[in-house]
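The values are calculated or read from the model by the stated rules, or taken from the named source; none is laboratory data. All of these numbers come straight from a predicted model, not from anything done at the bench. Glycine also receives a Cβ, built like all others from the backbone with ideal geometry; neighbour counts cover every protein chain displayed.
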Amino acid sequence: MADDPRPEAAVFDTRPEAAVFDTRPEAAVFDTRPEAVVFDKDGTLLDFAPTWSDALCAAIEASAHSPADADEAARALGIDRSTGRFTPDSLFLVGPNDACDDLTRHLLDLPSYRRVLAERSSAGARPLPGAVELLEALAAVGVPMAVMTNDSEEMARTQLGGLGLLAHFTTVMGFDSGFGGKPGPAPLVEAARRLGVGPDRCLMVGDTGHDIDAGIAAGMRTALISADGDDLGLDPTIVVRRPDELLVHLT
Ligand SMILES: [Mg+2]
């Protein structure tokens with residue numbers, strides 16, 4: 001070993017350029033580092049399908065006025081009850097909740113629908129892989145964080161509280177918190193105000209066009225969580241496959 005001028009050259013038969021010689025080009029994604037973060041909830045912090053699929057099927061079945069009404073409600077909300085899969089354009093996926101209610105109120109008993117949905121989704125809520133790691137790391141360095149979801153504020157508090165994540169957030173807002181839902185910019189502008197920074201210093205993190213469009217309209221930088229890395233035809237500042245991939249840009 002001592003006679004070999006470059007013993008390390010033989011360790012790898014091909015040089016692992018990305019891993020070893022990474023000079024953090026990703027740091028250049030933002031010209032100034034965002035100082036605060038606003039998160040969407042479903043599909044961004046929570047794993048959407050395990051949290052909602054069984055709960056929605058159970059809520060439709062428990063509250064439909066007839067089997068035909070259950071079928072129509074499932075179609076309107078965008079879920080295939082035989083597979084538990086959401087359709088790509090599912091209204092339930094992007095919300096807001098009041099739009100879902102308007103389409104289904106003649107098909108479902110809405111109070112029982114909401115009760116079963118709340119009970120089952122709270123019990124089934126699961127974090128998206130990488131979400132807890134990101135939240136804990138940002139909290140550790142004092143980055144202020146908010147949640148703005150098109151779900152209700154109460155449901156967001158229940159689910160995040162059940163997972164032990166609520167304390168990470170300065171504020172939690174829903175479509176019903178008084179500033180409307182996404183893609184309108186108003187709830188995000190208010191979230192930034194509560195975080196104590198201008199929108200231009202915030203990063204909006206989400207998984208749908210509603211999130212990215214609302215963030216851009218509010219004057220924020222935007223990050224799209226997309227498991228396959230596709231930008232979905234949107235114009236986010238950055239696309240990541242998992243929430244914790246943002247850590248390098250924020251700390
Ligand atoms: Mg979402």
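Values computed for the structure shown
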item	result
The lone exception for Asp230 - which of (1) surrounded by fewer than 16 Cβ atoms within 10 Å (Cβ to Cβ); (2) within 15 Å of the ligand (Cβ to nearest atom) it fails	(2)
Flag for Leu103 being away from the ligand (no atom under 16 Å from the Cβ) and in contact with a His (Cβ under 9 Å, 6 or more places away or on another chain)	no
Pick from region 187-213, criterion in contact with a helix residue (DSSP H, G or I) (Cβ under 9 Å, 6 or more places away or on another chain) and in a loop (DSSP other than H, G, I, E, B), ranking: farthest from the ligand (Cβ to nearest atom)	Gly198
For Gly164: the one exception among (1) closer than 18 Å to Glu133 by Cβ; (2) within 16 Å of the ligand (Cβ to nearest atom); (3) assigned to a loop (DSSP other than H, G, I, E, B); (4) not hydroxyl-bearing (Ser, Thr, Tyr)	(2)
Scope region 215-251; condition part of a helix (DSSP H, G or I), closer than 15 Å to Arg201 by Cα and modelled with pLDDT of 95 or more; matching residues	Gly215, Ile216, Ala217, Ala218
Verdict on Phe179 being in a loop (DSSP other than H, G, I, E, B) and within 16 Å of the ligand (Cβ to nearest atom)	no
Residue ranges of helices (runs of 4 or more DSSP H) in region 33-136 with at least 3 members of a type in the set (D, E, K, R) and touching a Phe, Trp or Tyr at 6+ places or on another chain (Cβ under 9 Å)	none
Filtered residues of region 27-57 (kept if buried (at least 18 other Cβ atoms within 10 Å of the Cβ), among the small types (Gly, Ala, Ser) and more than 16 Å from the ligand (Cβ to nearest atom))	Ala36
Subset of region 191-211 [crowded, with 21+ Cβ neighbours inside 10 Å and either assigned by TED's automatic domain parsing to the domain that holds Leu91 or within 26 Å of Gly142 (Cβ to Cβ) (or both)]	Ala191, Ala192, Leu195, Pro199, Cys202, Leu203, Met204, Val205, Gly206, Asp207, Asp211
Residue pairs meeting the criteria (Cβ under 7 Å; at least 6 apart or on separate chains; first on the phi < 0 side of the Ramachandran plot and small (Gly, Ala, Ser), in region 143-160; second within 14 Å of the ligand (Cβ to nearest atom) and part of a helix (DSSP H, G or I))	Ser152/Asn97
Candidate set from region 83-99 (those that are in contact with a Leu (Cβ under 7 Å, 6 or more places away or on another chain) and without any contact (Cβ under 8 Å) to a residue 24 or more places away in the chain); member that is surrounded by the fewest Cβ atoms within 10 Å (Cβ to Cβ)	Ala99
